[in-house]
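The values are calculated or read from the model by the stated rules, or taken from the named source; none is laboratory data. All of these numbers come straight from a predicted model, not from anything done at the bench. Neighbour counts run over all protein chains shown; Cβ positions are idealised from the backbone, glycine included. When the accessible area is computed, the model is the full protein with side chains, heavy atoms only, and any ligands, DNA or RNA have been set aside. Shrake-Rupley method; radii C 1.70, N 1.55, O 1.52, S 1.80 Å.
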Amino acid sequence: MLYNSTRDSKVSVTSAKAISKGISSEGGLFVPESFPQITLDDINRLSKMDYINRAKYILSLYLTDFTEDEIDYCVNGAYKKGKFECDDIAHLVNITDGCNILELWHGPTCAFKDMALQLLPFLLTVAAKKTCGGKTIVILVATSGDTGKAALEGFKDVPGTKIMVFYPEQGVSQMQKLQMCTQEGENVSVFAIKGNFDDAQTGVKKIFTDKDVAEKLAENNMMFSSANSINWGRLVPQIIYYVSAYCDMINNNQISLGDKINIDVPTGNFGNILAAYYAMKMGLPVNKLICASNANNVLTDFIKTGTYDRNRHFYTTISPSMDILISSNLERLLYDLSGKNSDKVNKWMDSLNKTGKYTVDDDIKEKISKIFAAGFCDDIQTKATIKDMFDKGYLSDTHTAVAIKVYKDYVADKNDNTPTVIASTASPYKFSSSVLEALCGNCDDISEFDKVNKLYETTKMPVPKSLQKLKNKEIRFKISCEKDDMENTVLNELIK
Ligand SMILES: *Cc1c(COP(=O)(O)O)cnc(C)c1O
């Protein structure tokens, strides 16, 4: 299995190279040259395995240049007992007839990013040994809140790596900020930037592709890689849990082998839902993928009209990990739907860069509307959904609530009762303030940890241990930088 670049289909590299580089030299994203197929027999076999063995099987189809021992080492390390606060790792909860919530947030940082970011450091260090022996890998991360913490936790004190995280000063929750600024580890650093997530992501992409910076790093025996969902090593672990959820639905007698399901995903950078699309390309029986957005509904409009237009107001919402106007992974979908036409992808991305918008061809628009449904909701509807669901017996965070609301709208509109998996992407405690407000009204007069306690008293849902511990941790990182100063900040930190 080799990997091509979305911006140059002639580029062809091994998975180890794709993972260690993160992004292709000309700025494209790595994609598998074809999709390995899983048959219903394979799915039947997988349904009798635990998560770790399902993961090993799926990974082995994509990472064909990794040995079996290497894959075992990576997966056993990432998902070993105790790292996740539930034994089945990706926990499927049936809430009503045909509707399931896939809780992906039982990992160390309480967001679904752990599913991939616990595995990525293993994949990356094995890949780097194969392809770029001896160099220190520098992980640069732009985060809307959850990736940053999950990456810090995954990479802390991993030999041969350093990690630097940039987050938008005003764009993350109090809990997310605390999680990052108290991060332990000798190889980590964290910076706030005066800008939004798109500024952080654009800044990081620019540094990645800057030849002078790359040279300076090489002189110091370092190289960049990415832990953002542009890295193939972030996406491939996410395919696993959709296949796994399907297996669990068979085991719970909700579906029979071969039945189709819908998958509904609260979406920002389009990584999580793209992984569901890839699972479908592999042969997982999927009917519709439902793309749920918050008030930053650029993807809803794109899926409905075929025009991607980021020239619009940027809203700071109570589901901050979805406050994104440039969804990087959409590029991978376009590459696939255009029949691997990197010229077209270049044209669209160029137009996005210069004018903030592009329109895809009619045949692609057609394909998109066959596979995807889309919807969005605002903060008021998100809070109403949290309250309504809690009254019915399920507590969700703000991001998951967006997906639930969009799912309900979709079912009401289309009358499609296909059994559904809704990806649940964060613990309610990670967004205590907004969740509490939805349940009890505004409580801004009390501290973040009092809110956690009050949410516990109100719901009796256990508080994740890692969040409980934050209260007494020392703040290690206080620096904020201008968005135009990110490159200097990186070089100053690395080359002393
Ligand atoms: C990152 C994140 C999302 C968005 O996922 P993408 O892969 O960027 O689309 C949704 N919810 C939460 C809680 C997240 O952390």
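As a fraction of the 1.4 Å probe accessible area of the chain, surface on carbon and sulfur atoms comes out at 47 percent.
Annotation: amide H-H contacts under 5 Å for V11 (H modelled 1.01 Å from N, sequence separation of 5 or more, or interchain): S5. Applied to segment 113-129, the Karplus parametrisation 6.51 cos²θ - 1.76 cosθ + 1.60 on θ = phi - 60° returns per-residue 3J(HN,Hα) values of 4, 4, 4, 9, 7, 6, 8, 3, x, 5, 4, 5, 6, 5, 4, 5, 4 Hz, with x for Gly and Pro. Working note: Karplus 6.51/-1.76/1.60 with θ = phi - 60° gives segment 172-184 the couplings 10, 6, 4, 5, 4, 4, 4, 4, 6, 6, 9, 4, 8 Hz, where Gly and Pro are set to x. The charge dipole of the chain, taken about the Cα centre with unit charges on the Cβ atoms of Lys, Arg (+1) and Asp, Glu (-1), comes to about 420 debye, rounded to the nearest 20.
With the simple spin-label model, which puts each label point 7 Å out from Cα in the Cβ direction, the N287 to T418 separation comes to 0.6 nm. With the biggest extent put first, the Cα atoms of segment 330-398 measure 51, 27, 17 Å across the principal axes. Amide H contacts of D397: A426, each under 5 Å away and 5 or more positions distant or on a separate chain (H built 1.01 Å from N in the peptide plane; Pro and chain starts excluded). Its convex hull of Cα atoms gives segment 10-93 a direction-averaged projected area, equal to a quarter of the hull surface, of 7.4 nm². For the listed residue pairs K156/K211; K370/K408; K56/K81; K340/K367; K344/K367; K156/K177, the alpha carbons are over 21 angstrom apart in K156/K211.
So what is log10(I(q)/I(0)) for segment 231-385 at q = 0.13, 0.16, 0.19, 0.21 1/Å, when the Debye sum runs over its Cα atoms only? Once normalised to I(0) and log-transformed, intensities are -0.63, -0.94, -1.25, -1.43. Out of all Cα-Cα pairs in segment 159-228, roughly what percent, to the nearest whole number, are more than 13 Å apart? Of all Cα-Cα distances in segment 159-228, 70 percent exceed 13 Å.
Karplus-based coupling profile of segment 153-160, in residue order and whole Hz: 5, x, 9, 4, 6, 6, x, x, with θ = phi - 60° in 6.51 cos²θ - 1.76 cosθ + 1.60 and x standing for Gly or Pro.
Considering all C-alpha pairs of segment 320-468, those separated by over 21 Å amount to 57%. Semi-axes of the equivalent ellipsoid of segment 63-111 are 27, 14, 8 Å, computed as sqrt(5λ) over the eigenvalues of the C-alpha gyration tensor in descending order.
Running Debye on segment 373-451 with equal point scatterers at the Cα sites and no solvent, what base-10 log of I(q)/I(0) appears at q = 0.16 Å⁻¹? Relative scattering, expressed as log10 I(q)/I(0), comes to -0.59. No solvent, one uniform scatterer per C-alpha: report log10 I(q)/I(0) for the chain via the Debye equation at q = 0.05, 0.09 1/Å, two decimals. The computed values of log10 I(q)/I(0) come out as -0.16, -0.56. For T316, the amide hydrogen comes within under 5 Å of no other amide hydrogen, counting only partners 5 or more places away or on other chains and with H modelled in the peptide plane. Highest mean packing comes first when the peptides 432-444, 454-466 are listed by Cβ atoms within 10 Å, giving 432-444, 454-466. Probing with 1.4 Å while keeping every protein chain in the model, the per residue accessible area of the chain equals 38 Å².
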